[in-house]
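The values are calculated or read from the model by the stated rules, or taken from the named source; none is laboratory data. As the structure is a computational prediction, the values presented were derived from the model and not from experiment. With ideal geometry, Cβ positions are generated from the backbone for all residues, glycine too; neighbour counts draw on all protein chains shown.
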Amino acid sequence: MVRGDRLLTSRLQLYLDTAEVQHWQTWFPTGMFYGVTSNPLLLERAGVPCQVDTLKDLARQALDLGAREVQIQTWGATVDEMVTTGLQLGAIAPEIVVKVPVTRMGTEATAQLVERGVRTTLTGVYTAHQALIAIALGVEYAAPYLGRINDAGRNGRDEIATMERAIAGVDSALRLLVASIRSVEDILYLTAHGLDTFTFSAAIAAEFFDVAATNQAAIDFEAAAQRMSG
């Protein structure tokens with residue numbers, strides 16, 4: 001079985017949460033990432049204009065680097081504007097998922113996008129009951145912000161675990177795309193509680209490989225190989 005087939009059998013989906021192309025170039029060769037996620041704040045930090053044509057080019061770069069899914073957030077001051085932009089983003093490629101904030105206006109826009117066949121994620125989820133909105137709309141993903149839930153004075157891990165139990169309780173296909181992750185330990189804890197979809201920064205990606213004992217072992221293995229190859 002080839003590596004690609006093995007990856008397709010795994011429930012785990014990891015995303016890079018950045019619009020910095022150099023981060024994609026650094027981390028996609030590891031083979032561990034399923035896709036990339038972005039939002040207007042991340043675009044601003046990367047100096048990428050929030051324009052459909054620019055995002056079309058950005059998405060193509062991600063897909064060319066091996067991303068199997070690219071999540072891009074729509075915008076607009078009205079429901080109609082959010083829907084229009086969302087339709088344009090969704091038309092870029094089948095691999096595009098349009099993110100929409102889980103506000104009243106965003107939910108109305110999402111309902112229209114879902115009806116028109118656009119893949120969607122409700123984002124900015126801070127409370128367990130907001131997952132019920134995503135379930136009711138039939139979106140593919142809902143994105144809870146783990147770190148920011150903690151910042152609000154609640155236990156983000158428990159809140160997200162409650163969301164996952166609610167999803168299982170009604171036998172929904174919704175996936176929680178956990179964002180605002182600040183440590184690898186958060187990911188490990190949540191995978192042990194049934195979560196399987198995460199997006200995080202390049203700094204968190206580096207934590208996966210920051211294991212001194214493993215790195216030293218690799219150095220020792222290579223040194224032995226070099227000694228014995230002569």
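Computed quantities for the displayed model
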| read-out | value |
| --- | --- |
| Qualifying helices (runs of 4 or more DSSP H) (wholly inside the stretch 183-230; at least 1 residues being touching a residue at least 40 places away in the same chain (Cβ under 8 Å) and not aromatic (Phe, Trp, Tyr)) | 184-191, 202-207 |
| Wholly within the stretch 91-171, helices (runs of 4 or more DSSP H) carrying at least 3 residues that are touching a Pro at 6+ places or on another chain (Cβ under 8 Å) and closer than 22 Å to Glu69 by Cβ | none |
| Boolean, Ile204 is under 21 Å from Arg11 (Cα atoms) and either among the basic types (Lys, Arg) or crowded, with 16+ Cβ neighbours inside 10 Å (or both) | yes |
| Selected residue [out of contact with any strand residue (DSSP E or B) (no Cβ under 6 Å at 6 or more places or on another chain), modelled with pLDDT of 95 or more, under 27 Å from Val79 (Cα atoms) and surrounded by fewer than 18 Cβ atoms within 10 Å (Cβ to Cβ)] from Thr103, Thr162 | Thr103 |
| Any chance Val70 is touching a helix residue (DSSP H, G or I) at 6+ places or on another chain (Cβ under 8 Å) and either without any contact (Cβ under 8 Å) to a residue 24 or more places away in the chain or not in a strand (DSSP E or B) (or both) | no |
| Scope the stretch 179-199; condition surrounded by 20 or more Cβ atoms within 10 Å (Cβ to Cβ) and of a type in the set (Asp, Glu); matching residues | Asp186 |
| Any hit, the stretch 208-223, residues being surrounded by 11 or more Cβ atoms within 10 Å (Cβ to Cβ) and within 15 Å of Asp17 (Cβ to Cβ) | yes |
